[in-house]
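Some notes on the structure that comes next.
The values are calculated or read from the model by the stated rules, or taken from the named source; none is laboratory data. Computed from a prediction, not measured in an experiment: that's the story for all the values here. Cβ: placed from backbone, ideal geometry, glycine included. Neighbour counts: every protein chain shown.
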């Protein structure tokens, strides 16, 4: 019990006591409970090994959408446990495992497949755990609403990852997803629009600046050209000529203009193929840059 220098709101007494075991602050004079929801944020014990940690911890791992049961479920044993069992117990073990898998609902079975695919794509695309968690959350809610029913799980997963990458400003394109999933980017695009519409998700417009570093590196251009391309895009955004335009086309035009300004020869065909846009798109966006920003580039 600790004394506290604070007035009692009832009697005005100065003698208040903090009862740590109850989490209360009471007045010693009139008995009023001044506070009854105090939390002790200090460390109450120390752990020296995994066994002590398991015994003393009162909570498990945090909830996560990357697991079909959000991390709350338990599985019956592991494969390594089999070798320690007798023949009778092995048969019992397999029956229990089979029963546990059979009681899962259709949504849970679908989630197990989908979340595994999300984990695979996140690994292949070298995305962060944050992206995996958010993609798993969106897919879980979509499955619970019945939105994924009757559609390819792999395609919906690819669409969800594309949505999250857009919102987290990660420069991944439909072409990137097509490469790692072998699903036509048109199908991914259709399902992307379907999920956005059904889930009422607000997707932010991709910033072309995010794509510059990646393609500058692929084209083996200098840091100076990189800086110039970003400055051109920033000026174009201030002039409001980027609104509604394909971010990849804008990035391609900025890189092409920057390479010409710095006399690093790259053809329109090279840049268009590296970024995945048509030469027509590149030329149209490049013309917008030259006309609006008054660029003086030698032919």
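Suppose we filter 231, 239 for residues that are closer than 18 Å to residue 294 by Cα, at pLDDT 90 or above and surrounded by fewer than 21 Cβ atoms within 10 Å (Cβ to Cβ); which single one remains?
Answer to the check: 231.
Quick check: is even one residue across the range 197-205 surrounded by 21 or more Cβ atoms within 10 Å (Cβ to Cβ), in contact with a helix residue (DSSP H, G or I) (Cβ under 6 Å, 6 or more places away or on another chain) and touching a residue at least 12 places away in the same chain (Cβ under 8 Å)? Looking for residues that are surrounded by 21 or more Cβ atoms within 10 Å (Cβ to Cβ), in contact with a helix residue (DSSP H, G or I) (Cβ under 6 Å, 6 or more places away or on another chain) and touching a residue at least 12 places away in the same chain (Cβ under 8 Å), one finds none in the range 197-205, hence no.
For residue 191, the requirement of being farther than 19 Å from residue 169 by Cβ, under 30 Å from the mean Cα position of the chain (by Cα) and surrounded by fewer than 16 Cβ atoms within 10 Å (Cβ to Cβ) is not met. Can residue 217 be described as part of a loop (DSSP other than H, G, I, E, B), surrounded by fewer than 13 Cβ atoms within 10 Å (Cβ to Cβ), at negative phi and not assigned by TED's automatic domain parsing to the domain that holds residue 141? No: the conditions fail for residue 217.
Scanning the range 156-172 for residues that are surrounded by 20 or more Cβ atoms within 10 Å (Cβ to Cβ) and not in a helix (DSSP H, G or I) yields 171, 172.
Residue 211 meets all of the listed conditions (1) assigned to a helix (DSSP H, G or I); (2) over 20 Å from the mean Cα position of the chain (by Cα); (3) buried (at least 20 other Cβ atoms within 10 Å of the Cβ) but one, namely (2).
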